[in-house]
Amino acid sequence: MQVRILADSACDLPKGFYEEHQVTLLPLKVEINGKEYEDVKTIDSNTVYEAIRSGIVPKTSQVSPLLFEEVFTEMAEKDEDGIYIAFSSELSGTYSTAVMILDQVKEKYPNFNLTIVDTKCASLGFGLIVKEAAALALKNVGKEEILEDVLFRSQHMEHLFTVEDLDYLAKGGRVSKASAFLGGLLNIKPILNVEDGKLVPIEKIRGKKKVMRRIIDIMKARGADMEKQVIGISQADCDETAAEMKAMIEEEFHPFEVMITSIGSAIGSHTGAGTIAIFFLNKIPS
């Protein structure tokens, strides 16, 4: 029987991906003006950015425990093997909740063979891991081999991103409000990455063009065998900048593929419009 792949919506893969690749989608939730939506399923990121522009601060919450229970129980009853590939535990409580619900389900179904992986990754960095796992599952590759690939990519996925407006990160406590104010005045853009699942600013640079060139330089220093890789770009309402970044990456690295997706509603609620994120491996599977 084919291994079932599950992923939450923070992987920022397109809506059509899940059905096409037989991946079970577990949506995070987004609340706007007291109304709750399911990320990907009942809200898109443009709605979030419009709300932010009008002064509304969207709230996000983890995947529903009830949904975890329903999906896990259904799988256990069908005796399905599965891998749930999860958003970084440092950025959401979703992983911890899934582990708790799995323990409860296994009390009734002790032989249920589901493994939950804390990728320590986010957005399309997490999505590229899901994408490869789904491809392997569709080829009927065994669970242990898929799990090995998921763990390898989770350990070696690089995230580099910059935001248009530091205010959104200030609201989330990622930078000080004074830094956000000065950044806006001086056109200072941060470059951030993810270290052990956490969001960490690494540099501040003045001007978007310089930021993009600096990202390319960091990719040169950190990337491995880029011509063999699928490099990911996720963007928040800035198609032109994403296309420009893609052209720079293709010219510099000649990768196997550059995949562009939109940052989803859950993550977009915290980054705001204008965010560009780049994902690649610092080591490729042998």
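Every read-out reported here was derived from the displayed coordinates using simple, explicitly stated rules and does not represent laboratory data. Keep in mind the model is a prediction, meaning the values are calculated, not measured. Heads up, the Cβs are rebuilt from the backbone with ideal geometry, glycines too, and the neighbour counts pull from every protein chain shown.
Table for the structure above
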quantity: Of I116, I129, I56, the one that fluctuates the most in a GNM where the chain has Cα springs shorter than 10 Å; calculated: I56
quantity: Within straight-line cross-link reach of K189, aspartates and glutamates at Cα separation under 15 Å, skipping those fewer than 8 residues along the same chain; calculated: E164, D165, D167, E203
quantity: Whole-angstrom gap from region 70-89 to region 108-164, using each part's C-alpha centre; calculated: 13
quantity: For region 193-200, Karplus couplings with θ = phi - 60° (6.51, -1.76, 1.60), whole Hz, Gly/Pro x; calculated: 9, 10, 10, 6, x, 9, 7, 10
quantity: A221 paired with A247, simple spin-label distance in nm, labels 7 Å along Cα-to-beta-carbon; calculated: 2.7
quantity: Whole-Hz couplings from phi, Karplus 6.51/-1.76/1.60, listed for region 19-30; x for Gly and Pro; calculated: 5, 4, 9, 6, 9, 7, 8, 10, x, 6, 10, 10
quantity: Entries in K198/K246; K220/K283; K41/K283; K208/K246; K41/K108; K120/K209 that, when Cα-Cα distance is taken, lie over 22 Å; calculated: K198/K246; K41/K283; K41/K108; K120/K209
quantity: Contour minus Cα-Cα distance for S61 and K228 (0.36 nm per residue); calculated: 56.5 nm
quantity: For the chain, size of Cβ-based charge dipole, Lys and Arg +1, Asp and Glu -1, in debye; calculated: 1180
quantity: Average Cα contact separation per residue, the chain, under 8 Å, 6 or more apart, as relative contact order %; calculated: 23
quantity: Cα→Cβ-extended label distance, 7 Å offset, between V200 and N46, nm; calculated: 3.8
